[in-house]
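One structure below.
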Amino acid sequence: MTTTTISDVNSLKRALIAVWGEERVRIEEPLARYCNWKVGGPADLLLVVRTADELIRAWRLARQHRQPVTVLGFGANVLISDRGIRGFVIVNRAERLAFHPRGLVEADSGTNLAVLAKQAALHEVSGLEFLIGIPGTVGAAVAVNAGTRTRWMSHVLERVRVIDAHGRERWLAPSDLAFAYRESRLKHTGDLVITAWLRGRPGRRDRIERRMAELLRERQHQPAGPSAGSVFKNPPGDFAGRLIEQCGLKGYRVGGAKISERHANFIVNTDRASAADIKSLIDRAKAAVAERFGIRLEEEIRYLGEWE
Ligand code: EPU
């Protein structure tokens, strides 16, 4: 990653304002409002993009000005540090959806997964019901292979259009992406998803909606309040929630953050928590599970911004 200097940030700022105007380009923008955990310090520069073309243009400008760029969807699965993010943050709200024959769906990467699931029902496309309860956007969901216990993004992805660090666009097939449980090559290459094509199949609206209602009911045992869903991946053959519960950590608090009493793999911001409070709980849970069970839990969430 490039070292940020004030003059770099300023030159990118001028370039962004020349394209999008003063009102849309945010300076020192607090990031807590852009993520589910509602924590995190400021971004040097921030732009909310509304189309795939804007996303590509903003990405290329950042590269031309040699600025580090971070793309946020709904910030559903990230912990942003209290010091915030240096360089440029793009908030992706490119959310065009198109329904093609035989259950094929084209979705911009900023599309909300629940919106996608509901629209699929309206268009009588089945197979995408599982997306209803997953917080987040299409792009991030492809990159981290999001899903439920049995259905993952990799099961429905047909192909994906990405842009690489040099600003080149290309198409990738699932076989290019090395998908595994909550894993894909995109997490490591840093390629950015622009649009994803998903494979559903023709279905009946009433059946699809009934299935989605069932899935939402199943999730009702999950905690309400600002969280990032599951914090840790499930280790092979076991459940992070069970292990953390066995360590007696349900309800354990640091500052304004708490390990949920309902589900121990969730950390809830109950009262103006800082990112550091949440990080302490993560470290505490990892240490306890390692000591008691000899199992190293791995984060499912991603850390963003400056951490010492
Ligand atoms: N459990 C406990 N204590 C707890 C929580 C869970 O003992 O505090 C036990 C449960 O009794 C159950 C098992 O652990 O036997 C699994 O729990 P659950 O059904 O809640 O599923 P999970 O494995 O914790 C996964 C995904 C969730 C997804 C659900 C339902 C991961 C890490 N999590 O949770 O995804 O919603 O299945 O499909 O794979 C997410 O990824 O952010 C997420 C919420």
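Does Ala275 meet the test of being in contact with a strand residue (DSSP E or B) (Cβ under 8 Å, 6 or more places away or on another chain), more than 27 Å from Ala180 (Cα to Cα), outside the structural domain of Ala141 (by TED's automatic domain parsing) and buried (at least 17 other Cβ atoms within 10 Å of the Cβ)?
yes
Sort out which residues of the range 229-256 are in contact with a helix residue (DSSP H, G or I) (Cβ under 9 Å, 6 or more places away or on another chain), within 7 Å of the ligand (Cβ to nearest atom) and among the small types (Gly, Ala, Ser), and write them in order of number.
Ser230, Ala240
If you scan the range 47-72, which residues turn out to be among the β-branched types (Val, Ile, Thr) and buried (at least 19 other Cβ atoms within 10 Å of the Cβ)?
Of everything in the range 47-72, those that are among the β-branched types (Val, Ile, Thr) and buried (at least 19 other Cβ atoms within 10 Å of the Cβ) turn out to be Val48, Val49, Val69, Thr70, Val71.
If we scan the range 94-101, do we find a residue that is out of contact with any His (no Cβ under 8 Å at 6 or more places or on another chain), assigned to a helix (DSSP H, G or I) and in the same structural domain as Trp171 (by TED's automatic domain parsing)?
Within the range 94-101, one or more residues are out of contact with any His (no Cβ under 8 Å at 6 or more places or on another chain), assigned to a helix (DSSP H, G or I) and in the same structural domain as Trp171 (by TED's automatic domain parsing).
Given (1) outside the structural domain of Glu129 (by TED's automatic domain parsing); (2) β-branched (Val, Ile, Thr); (3) more than 12 Å from the ligand (Cβ to nearest atom), identify the lone condition not met by Ile259.
(3)
Looking at the structure I just gave you, is Val289 in contact with a helix residue (DSSP H, G or I) (Cβ under 9 Å, 6 or more places away or on another chain), of a type in the set (A, V, I, L, M) and modelled with pLDDT of 95 or more?
Details: in contact with a helix residue (DSSP H, G or I) (Cβ under 9 Å, 6 or more places away or on another chain): yes; of a type in the set (A, V, I, L, M): yes; modelled with pLDDT of 95 or more: yes.
Judged against the criteria, Val289 is a match.
Got at least one residue in the range 5-22 being of a type in the set (Val, Ile, Thr), surrounded by 18 or more Cβ atoms within 10 Å (Cβ to Cβ) and outside any helix (DSSP H, G or I)?
The answer is no, given that none of the residues of the range 5-22 is of a type in the set (Val, Ile, Thr), surrounded by 18 or more Cβ atoms within 10 Å (Cβ to Cβ) and outside any helix (DSSP H, G or I).
The values are calculated or read from the model by the stated rules, or taken from the named source; none is laboratory data. Just so it is clear, the structure is predicted and the values come from calculations on it, not from any experiment. Neighbour counts run over all protein chains shown; Cβ positions are idealised from the backbone, glycine included.
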